[in-house]
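First the structure, in the form of structure tokens, and then the observations on it.
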Amino acid sequence: MGAGQMDRYTPVFAITQAAELSDMHPQTLRQYDRIGLVSPQRTSGNTRRYSLHDVEQLREVARLSAEGLSLEGIRRVLQLENRVRELQARVRELERALSDELLSRPERRVFAAGAAGEVISMRRGARMRRSAEVVVWRPEL
């Protein structure tokens with residue numbers, strides 16, 4: 001992202017705006033920051049600045065609290081959800097890297113399915129030898 005561009009993690013909301021957007025009292029946001037539940041970024045003057053992501057997290061805290069979860073339970077749920085998002089992003093990154101690597105190789109391989117369902121790696125342009133075997137499948141009754 002270039003200079004001046006914003007995303008959902010850009011800290012733009014003061015505490016009063018974030019409290020209004022999350023339908024909470026500013027003191028509640030301060031408490032959540034103190035206990036590490038939702039911790040906004042700080043400006044050079046040490047004032048809190050909330051991002052859209054922080055506001056979404058505050059709404060999630062309110063929802064989970066209304067469902068009866070303790071603050072510690074909510075903290076754990078948020079940690080796990082954040083970790084899942086990180087891992088999903090990493091998987092997408094690795095999938096792109098793998099795809100780029102496979103496409104950049106002139107000797108890339110072709111894969112086929114064997115008679116027993118196994119994956120067989122073949123050289124590009126090669127053909128599978130056909131088998132005259134007949135496989136009968138009978139479902140278990």
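Just so it is clear, none of the values below were taken in a lab; they were calculated from the coordinates. None of these values were measured; they are calculated from a predicted model. Note that we place each Cβ from the backbone using ideal geometry, even for glycine, and neighbour counts take in every protein chain shown.
Per-structure values
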{"item": "Verdict on Gly36 being surrounded by fewer than 12 Cβ atoms within 10 Å (Cβ to Cβ), of a type in the set (Gly, Ala, Ser) and over 22 Å from the mean Cα position of the chain (by Cα)", "result": "no"}
{"item": "Count of the range 1-33 residues which are under 19 Å from Leu69 (Cα atoms) and of a type outside the set (Asp, Glu)", "result": "6"}
{"item": "Within the range 23-51, considering residues that are touching a Phe, Trp or Tyr at 6+ places or on another chain (Cβ under 7 Å) and outside any loop (DSSP other than H, G, I, E, B), the one nearest to Tyr9 (Cα to Cα)", "result": "Tyr50"}
{"item": "Subset tally (residues that are more than 19 Å from Gln79 (Cβ to Cβ) and polar (S, T, N, Q)) for the range 23-54", "result": "6"}
{"item": "Any chance Ala19 is surrounded by 11 or more Cβ atoms within 10 Å (Cβ to Cβ), aliphatic (A, V, I, L, M) and in contact with a Pro (Cβ under 6 Å, 6 or more places away or on another chain)", "result": "yes"}
{"item": "Out of Glu81, Glu72, Glu101, Glu93, sole residue that is part of a helix (DSSP H, G or I), acidic (Asp, Glu) and surrounded by 11 or more Cβ atoms within 10 Å (Cβ to Cβ)", "result": "Glu81"}
